Every structure is written in structure tokens, then in C-alpha cells.
Amino acid sequence: MAIERLDKKGPHRVAFERNKKRILKTKHTCGICGQDVDKTLAYPHPLSPAIDHIIPVAKGGHPSNMDNLQLTHWKCNRDKSDKLYSGKTNVTGTIGNRNLPKTLDWTSYEFKM
């Protein structure tokens, strides 16, 4: 028998649905790729909107807390699956101007003058 997810049943389901509506009304960019999300597209279109658990429920993330939910494209959410997203790209070798690493992690940015 399959294990039911906490965001699909019980008290967390109601909170998840309420927070999903809030996110769909207030957010406009994908939390994974950073591109705009077209909310007029419907599933199963790969760029349709989806709600992602930043820390997957399977890895101990809260199933309905707003701090653990983000708007994403359906495809980005499927590609991420139940992995923890670091936002960093691993690059080895020489980096030229045309091949600079892209990161979404601004917490380690240092301004140098």
C-alpha cells in the first residue's frame, strides 16, 4: 500500500490548498528557474503553474507552511522532484567570459572595490 502524503489529506490539505491559492494570486516567477509563470496555461503543459515544496515533504519539509511553498513551472517542479535545490552550479576547469557560472545564491556575494 502506498503511503499518503500529508499535504493530500487531513488538516494539512486544507492549509495547503489555501496557501496554494495565495501563492497563485501573489507570485509570478518560478522559484526554480526565475522565469515568469504563465498562469493561463493548464496542466499538462510543461510551463503550467505548479506549487513546489522547497524542502520536500519526503525529506522532512512542512507540507503546508507558506515558508516551504513556492510557485514553479510544472516541468521545473518535476525535474527537481524530491531533491533539495542548492541554486549553485558546479563548474570545473577554466571559465571563459562566455561560460560564466550562474547562481541564485546571493547570500555569499561580497562587494569588492
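All of the numbers you see were taken from the coordinates with simple rules; none came from a lab. Everything numeric here is computed off the predicted structure, so don't read it as measured data. Counting neighbours? That spans all protein chains shown, and the Cβs are built from the backbone with ideal geometry, glycine included.
The figures follow:
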| quantity | calculated |
| --- | --- |
| All positions within the range 5-41 that are within 24 Å of Lys83 (Cα to Cα), among the β-branched types (Val, Ile, Thr) and not in a loop (DSSP other than H, G, I, E, B) | Ile23, Thr29 |
| Positions within the range 23-44 being without any contact (Cβ under 8 Å) to a residue 60 or more places away in the chain and either in contact with a helix residue (DSSP H, G or I) (Cβ under 7 Å, 6 or more places away or on another chain) or small (Gly, Ala, Ser) (or both), in sequence order | Cys30, Gly31, Ile32, Cys33, Lys39, Ala42, Tyr43 |
| Subset of the range 55-82 (residues that are hydroxyl-bearing (Ser, Thr, Tyr), under 11 Å from the mean Cα position of the chain (by Cα) and surrounded by 17 or more Cβ atoms within 10 Å (Cβ to Cβ)) | Thr72 |
